[in-house]
Amino acid sequence: MFGYVKAYKPEMRVREYEVYKAVYCTLCRQLGRSYGPFARMTLSYDFTFLALLHLSLGEDCTGFERKRCAVNPLKKCSYCKQTGESMDYAAAAAMIMLYYKIQDNIDDGGFWRSLGYRLLRPLFSRARKKAAGRYPQVEALTERYIADQAALERAGCSSLDRAAEPTAVVLAALCALCGESETEKRVLERMGYCIGKWVYLLDAAADLEEDLRRGGYNPLSAGGGITSGGEGETAFIRQAKERAAATLNVCVAEACKAFELLPVKRYEEILANILYLGLPNSQKQALSGKKAEQKELRTT
């Protein structure tokens, strides 16, 4: 994932931020316990959101307690007293998606460009198998998502909707798995679909200049006949991002509408902060050339 789905801290109350931080740290601990220390590399705001979403609809995490930080033993962090299904699910999804992303980067790059990923793959292969054993449905969804995305990129797809479809579909399914009733699943599926489409297109917009420089695939430039440093590049990039922004705004609005239909039991304020404020803030930063930074909450 990309680290775009995160809270907007300036508008969070202190206790809300502490809960958000505690869920983040609990997911970090769960990754280490279940899949080893290297698994903590998969920690991101996106999967924290997935864990928080799962928690908001269930009864996991009956409270929080202070314990030593696994990364920095000199300080204490807040953790959920009971990790439960929510953390296990988010951790497994993170491991599976990371492994397939590494594999996809190996397939797309040459030997030297993919050398780092080739070295990383053995570290996560066993962990992926373990996670897939617990959640075979997530494994199947992710494998199909990577295959569909790769096919579209090989074809040079220039349709924003089609290019974003695999990411939207897999996020829709991952979010739907957080629900219990059919009503919850339908609402979560819609919300996840909109967020997935938003994530893919926002990352495409943020990477547009870099992709033009290295000649990589990007749906915003596919079929446009523009090259890095060529005439009209600046105007093309501005127009492409404006085109993306129109779709991105619709995605955020639709995700928020779906959230309003969700019968959350707790953490509503935190989830609302992420959707109503966090997503627009990440979008603003990415479109202005400031890619979302993955700053670790436990170090603050």
Q: Please specify each residue of the range 157-176 satisfying the condition of being touching a Gly at 6+ places or on another chain (Cβ under 7 Å), surrounded by fewer than 20 Cβ atoms within 10 Å (Cβ to Cβ) and in contact (Cβ under 8 Å) with a residue 40 or more places away in the chain.
A: 158
Q.
Which of the numbered conditions does residue 29 fail, given that it passes all the others? Conditions: (1) part of a loop (DSSP other than H, G, I, E, B); (2) modelled with pLDDT of 90 or more; (3) open to solvent by 20 Å² or more (accessible area, probe 1.4 Å).
A. (1)
**Q.** Residues of the range 273-300 satisfying the condition of being modelled with pLDDT under 75 and open to solvent by less than 60 Å² (accessible area, probe 1.4 Å)
**A.** 292, 297, 298
Q) Of the conditions (1) more than 30 Å from residue 240 (Cα to Cα); (2) small (Gly, Ala, Ser); (3) part of a helix (DSSP H, G or I), residue 179 fails just one. Which one is it? A) (3)
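Yes/no per residue for (1) in contact with a Lys or Arg (Cβ under 6 Å, 6 or more places away or on another chain); (2) of a type outside the set (Lys, Arg); (3) free of Cβ contacts under 8 Å to residues at least 40 places away in the same chain:
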{"site": "55", "(1), (2), (3)": "no, yes, no"}
{"site": "62", "(1), (2), (3)": "yes, yes, yes"}
{"site": "67", "(1), (2), (3)": "no, no, yes"}
{"site": "72", "(1), (2), (3)": "no, yes, no"}
{"site": "77", "(1), (2), (3)": "yes, yes, no"}
{"site": "82", "(1), (2), (3)": "no, yes, yes"}
{"site": "88", "(1), (2), (3)": "no, yes, no"}
{"site": "96", "(1), (2), (3)": "yes, yes, no"}
Q. What residue, among those in the range 131-149 that are loosely packed, with under 15 Cβ neighbours inside 10 Å and either of a type in the set (A, V, I, L, M) or part of a loop (DSSP other than H, G, I, E, B) (or both), is modelled with the highest pLDDT?
A. 140
Q: Might you let me know whether the range 72-85 holds any residue that is within 22 Å of residue 36 (Cβ to Cβ) and in a helix (DSSP H, G or I)?
A: yes
**Q.** Out of 186, 128, sole residue that is modelled with pLDDT under 95 and in a helix (DSSP H, G or I)
**A.** 128
Q) Does the range 39-61 include one or more residues that are hydrophobic (A, V, I, L, M, F, W, C), touching a strand residue (DSSP E or B) at 6+ places or on another chain (Cβ under 7 Å) and crowded, with 20+ Cβ neighbours inside 10 Å? A) yes
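The values are calculated or read from the model by the stated rules, or taken from the named source; none is laboratory data. Being a predicted model, the structure only gives us computed values, none of them experimental. Cβ coordinates were reconstructed from backbone atoms using ideal geometry, including for glycine residues, and neighbour counts include every protein chain displayed. Only protein heavy atoms, including side chains, enter the accessible area calculation; ligands, DNA and RNA are left aside. Shrake-Rupley method; radii C 1.70, N 1.55, O 1.52, S 1.80 Å.
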